[in-house]
Number of protein chains: 2
Amino acid sequence: MALVVQKYGGSSVSDARSIKRVAKRIAEAKRAGNDVVVVVSAMGDTTDELLDLAADISPRPPQREMDILLTAGERISMSLLAMAIDKLGVKAKSFTGQQAGLLTDAVHGKARIVDVVPHRIRQTLEKGQVAIVAGFQGVSSGNDVTTLGRGGSDTTAVALAAGLDADVCEIYTDVDGIFTADPRIAPGARKIDKVTYEEMLELAASGAKVLALRAVEYARRYQVPVHVRSSFSGKNGTLVKGTHGDLIDPNASSEEQEEAAMEDPIISGVAHDRSEAKITIVGVPDTLGQAARIFEVVAAAGTNIDMIVQNVSAADTGLTDISFTLPHADIRSTTAALNAVKSELKFDDLQVDDEIGKVSLVGAGMKSHPGISARLFGALRDAGINIEMISTSEIRISVVTRADNLDDAVRAIHTAFELDSAEGEAVVYAGTGR
Amino acid sequence: MALVVQKYGGSSVSDARSIKRVAKRIAEAKRAGNDVVVVVSAMGDTTDELLDLAADISPRPPQREMDILLTAGERISMSLLAMAIDKLGVKAKSFTGQQAGLLTDAVHGKARIVDVVPHRIRQTLEKGQVAIVAGFQGVSSGNDVTTLGRGGSDTTAVALAAGLDADVCEIYTDVDGIFTADPRIAPGARKIDKVTYEEMLELAASGAKVLALRAVEYARRYQVPVHVRSSFSGKNGTLVKGTHGDLIDPNASSEEQEEAAMEDPIISGVAHDRSEAKITIVGVPDTLGQAARIFEVVAAAGTNIDMIVQNVSAADTGLTDISFTLPHADIRSTTAALNAVKSELKFDDLQVDDEIGKVSLVGAGMKSHPGISARLFGALRDAGINIEMISTSEIRISVVTRADNLDDAVRAIHTAFELDSAEGEAVVYAGTGR
């Protein structure tokens with residue numbers, strides 16, 4: 001008998017019919033002999049409707065009240081889901097974040113989980129009942145309702161799985177799993193059967209939307225196996241687990257070890273991101289501490305920057321240009337913050353470019369295989385795509401292109417690394433770095 | 001500086017515009033120097049929409065889950081109201097029943113308040129902020145969400161006013177106060193300025209819908225002055241307070257006492273109720289304990305019966321008929337319960353009559369004034385209306401008529417007791433029992 005945490009997103013519980021379908025799936029898991037805990041998001045468009053209501057009332061509502069408002073959504077979906085399961089003859093009880101013991105700090109709108117104390121969930125399981133838990137929400141030490149922000153429900157599920165020492169955390173979604181690229185862009189993209197936490201982190205950070213970055217971080221820290229799968233089929237999805245080389249037996253011969261390592265794919269996939277823009281600060285005096293001061297100002301504005309490029313300064317003027325990428329949503333506050341200190345920083349101009357795209361190649365295997373960058377840059381050159389910025393980590397290479405070129409870039413890289421499936425079926429890529 | 005508890009019903013907060021209007025009113029009360037606690041119901045049709053959703057999922061959903069579902073409504077209205085007040089520059093915080101310290105028993109769907117521990121509300125007031133509290137809900141000792149059932153928000157407001165020792169509990173509604181009759185039926189009906197708890201209890205129990213019976217009971221027990229008034233105007237409404245003869249100074253001369261007592265109106269008003277039906281059990285053997293057994297069965301079915309009439313038994317058969325009134329909603333369960341024991345009770349037939357109406361005359365003054373019943377029956381006779389059942393208390397006379405005759409009965413009684421306002425303005429009735 002396994003202890004399974006299942007998470008269903010808003011699209012899986014968008015109306016009464018889909019709630020009944022999900023209830024059937026949960027009842028089956030329970031009847032198969034598992035202990036089942038379910039984390040559920042708000043129904044379909046509920047959150048957007050509540051946001052609209054708030055916008056009608058106030059342009060800048062207090063965040064504490066926004067959290068109370070938005071958590072009404074999960075209250076509705078979780079109680080309806082419990083009713084639907086009960087109707088199938090399986091006892092189920094729903095719990096708010098507070099009741100489930102999701103303790104957070106008091107930062108409304110983006111609270112962090114500080115502890116998980118799931119006494120009531122354990123009691124419910126011991127009684128042989130299914131526990132339904134509201135995703136996305138918790139309670140602060142002052143007994144105020146908090147929300148976890150973006151990706152909150154995935155994080156709730158993983159945190160509960162860790163707190164309950166669950167065997168697996170299943171994230172149900174409307175796609176079959178994590179793909180080697182977005183199939184809408186790269187038709188040959190195929191489902192990845194298994195990916196390490198590190199690779200999943202890089203994929204999520206690079207724009208893959210199926211699993212929230214925060215949930216992956218949490219899963220890695222507590223070594224929670226996460227199974228990303230479709231709520232519309234019974235097929236296995238993608239298992240996020242372990243580290244690269246897990247297949248290697250440390251007592252095996254070096255030849256066997258090498259062979260085992262070769263069974264891990266070098267490349268996991270190609271992610272893309274359209275959510276960023278580029279700001280270029282033109283004509284900055286190239287003096288000591290200038291860049292530090294600029295990024296102090298940007299950080300104080302609450303902006304998460306991603307990539308930074310500084311040009312070589314022109315010898316005759318001693319001026320340089322500094323470019324960085326940031327989320328579209330932060331453009332306004334960041335330019336305002338920089339313009340406010342224009343006379344101190346002595347730059348000429350700020351240029352905003354919101355027509356960029358970022359494509360990233362991720363694979364834990366690439367760190368031991370040379371020539372990956374060269375192959376990637378070559379593929380883009382052959383496709384006639386100009387590279388504007390580059391950043392790398394040990395297991396990721398990202399480049400910024402024109403937004404119009406992004407889809408072509410994804411396809412070119414996906415093909416260059418032989419990720420395309422011949423017949424659209426899931427073949428495990430086990431290339432050798434050629 | 002006064003401590004005021006204000007309660008706004010669903011029709012007062014049906015959309016963003018009305019929420020802003022209510023917020024303005026609350027901000028004014030706060031700026032006038034009062035400590036303000038606001039109890040709010042769910043927006044307009046929210047509760048009905050949630051009930052529809054539940055009905056789509058299950059015909060008999062678990063009541064615990066219904067309570068979680070329905071309380072989402074107040075969560076939405078209370079946070080939006082807090083945002084709207086904040087936007088006017090007045091700090092406001094919203095609280096769930098649990099956060100506000102509304103402790104109840106665990107009877108989901110119709111929980112009773114067992115204690116009110118409003119620490120956080122007091123703290124909020126001490127900080128000079130407005131506290132918004134979700135009506136209709138509380139928390140059980142097991143930390144489960146409960147709802148108070150019908151009239152729950154009025155009850156929350158009165159209970160909080162009692163717990164906070166408030167100066168007044170203002171119930172805002174869409175009419176100007178309590179009227180001597182429903183103005184849609186009796187156009188001459190006028191607003192009552194002041195009514196005692198006892199009279200208000202009888203009016204509420206007899207069908208007056210403006211204030212919930214339970215809230216009046218609570219207010220009487222804790223002597224909370226309740227001011228029922230319109231959220232659409234600044235006019236005074238109806239003050240529910242004290243007992244009949246409050247104006248009498250016990251140290252005054254008997255002549256002065258008599259004069260003071262005469263200033264209290266004899267009759268408060270005429271209430272009507274269309275929500276009841278009549279069941280007649282035909283041909284019951286008129287033996288000892290038979291009636292007791294019948295009403296045991298009815299009580300076990302959870303039915304609240306109102307009036308009972310037993311005919312004189314026919315000498316030749318030894319059989320009698322027993323009629324009683326009950327809410328429409330209870331007809332099905334009650335007839336099922338009685339038919340299940342038909343062979344034991346040995347009755348011939350059950351007749352259900354759902355075409356009845358009940359009209360009630362209420363007034364604390366009537367107990368010291370003879371001839372009230374005679375005048376009432378005379379008025380109905382003159383209007384050609386047949387009386388089917390009668391019940392009385394010290395300060396109320398109720399009669400059952402055909403449903404078609406109910407409006408005529410209300411008007412005839414209202415006129416006979418000189419309750420009609422000459423010019424539609426609020427004149428205090430101070431008749432002397434003639």
Describe numerically, in nm with one decimal, the distance between label points set 7 Å from Cα along Cα→Cβ at B:LYS24 and at A:VAL352.
3.5 nm
Using alpha carbon centers only, the stretch B:20-88 is separated from the stretch A:165-232 by a whole-angstrom value of 38 Å
Amide proton proximity set for A:GLU170, modelled H, under 5 Å, gap of 5+
A:VAL5, A:GLN6, A:LYS7, A:HIS227
Any idea what the dipole of chain A comes to, in debye rounded to 20, about its Cα centre with Lys/Arg Cβ at +1 and Asp/Glu Cβ at -1?
1700 debye
Given B:LEU239, B:THR173, B:VAL400, which one lies farthest toward the positive end of the charge dipole of chain B, if we put +1 on the Cβ of every Lys and Arg and -1 on the Cβ of every Asp and Glu?
B:THR173
Which is farthest toward the positive dipole end of the protein assembly as shown among A:GLY269, B:LEU380, B:THR196, measuring Cα position about the Cα centre, with Cβ charges +1 (Lys, Arg) and -1 (Asp, Glu)?
B:THR196
Could you give me the percent of Cα pairs per 5 Å distance bin for the stretch A:98-157, shortest bin first, beginning at zero and ending with the bin that holds the maximum distance?
4, 22, 29, 22, 13, 7, 2, 0
Could you name the aspartates and glutamates in cross-link range of A:LYS342, using Cα to Cα under 17 Å and dropping any fewer than eight places away on the same chain?
A:ASP286, A:GLU296, A:ASP321
Compactness index (Cα Rg / 2.2 N^0.38 Å), the protein assembly as shown
1.23
What average count of beta carbons from other chains do you get within 10 Å of the Cβ of residues in B:18-24?
1
For A:LYS93, go through the aspartates and glutamates and keep the ones whose alpha-carbon is under 16 Å away, minus same-chain ones fewer than eight residues off.
A:ASP35, A:GLU74, A:GLU126, B:GLU65, B:ASP67, B:ASP144
Dividing the alpha-carbon radius of gyration of chain A by 2.2 N^0.38 Å (N being the number of residues), what value is obtained?
1.08
Placing the label point 7 Å from Cα along the Cα-to-Cβ direction, what are the distances from B:GLU355 to the equivalent spots in the other copies, shortest first, in nm to one decimal?
7.8
Any chance you could give the angle, 0 to 90 degrees and rounded to 10, that helix B:72-87 forms with the longest Cα principal axis of chain B?
40 degrees
Estimate the FRET efficiency between B:ALA252 and B:VAL312 by the formula 1/(1 + (r/R0)^6), using the beta-carbon distance for r and 56 Å for R0, to the nearest 0.05.
0.65
Could you order the peptides B:350-356, B:390-396 from most to least packed, using the average number of other C-beta atoms within 10 Å per residue?
B:390-396, B:350-356
Treating the angle as unsigned and between 0 and 90°, give the value, to the nearest 10°, between the Cα long axis of helix A:16-31 and the longest Cα principal axis of chain A.
70 degrees
Can you tell me which of A:19-25, A:154-160, A:270-276 comes out highest on packing, and rank the rest after it, using the mean Cβ neighbours within 10 Å?
A:154-160, A:270-276, A:19-25
Could you tell me what fraction of 2.2 N^0.38 Å the Cα radius of gyration of the stretch A:3-174 comes to, as a two-decimal ratio?
0.98
Hey, what did the stretch A:3-174 get for relative contact order, percent, Cα under 8 Å, at least 6 apart?
30 percent
For the axis carrying chain B to chain A: nearest C-beta residue of B, whole Å:
B:ALA72, 2
Let me spell out the model: positive unit charges on the Cβ of Lys and Arg, negative unit charges on the Cβ of Asp and Glu, origin at the Cα centre of the protein assembly as shown. What dipole size does that give, in debye rounded to 20?
560 debye
Other chains near A:66-73: what is the mean number of their Cβ atoms within 10 Å of each residue's Cβ?
6
Among B:ASP67, B:ASP86, B:ASP56, whose mean-square fluctuation peaks in a Gaussian network model of chain B (Cα, cutoff 10 Å)?
B:ASP56
Output ³J(HN,Hα) for the stretch B:48-57: one whole-Hz value per residue in order, computed from phi by the Karplus curve 6.51 cos²θ - 1.76 cosθ + 1.60 with θ = phi - 60°, and x for Gly and Pro.
5, 4, 5, 4, 4, 4, 4, 5, 5, 8
If the only charges are +1 at each Lys and Arg Cβ and -1 at each Asp and Glu Cβ, what is the size of the charge dipole of the stretch A:3-174 around the Cα centre, to the nearest 20 debye?
600 debye
Note: A:93-102 gets an average of partner chain Cβ contacts (10 Å, Cβ to Cβ) equal to 3
Listed by chain and number, the lysines with an alpha carbon less than 30 angstrom from that of A:LYS91, same-chain partners under 8 positions apart left out, are A:LYS7, A:LYS20, A:LYS24, A:LYS30, A:LYS127, A:LYS235, B:LYS110
Given the rule -39500 (n - 2.57) for each run of at least 4 DSSP H residues, summed and divided by the residues of chain B, what is its mean residue ellipticity at 222 nm, to the nearest 500 deg cm²/dmol?
-10500 deg cm²/dmol
0 to 90° range, to nearest 10: angle between helix A:290-300 axis and chain A longest Cα axis
30 degrees
Enumerate the amide H contacts of A:LYS194 below 5 Å, restricted to partners 5 or more residues apart or on another chain; note that Pro and chain-start residues carry no placed amide H.
A:LEU239
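Since every read-out is calculated from the coordinates, none of them should be taken as a lab result. From a predicted model like this one, the values you see are computed outputs, not experimental measurements. Cβ coordinates were reconstructed from backbone atoms using ideal geometry, including for glycine residues, and neighbour counts include every protein chain displayed.
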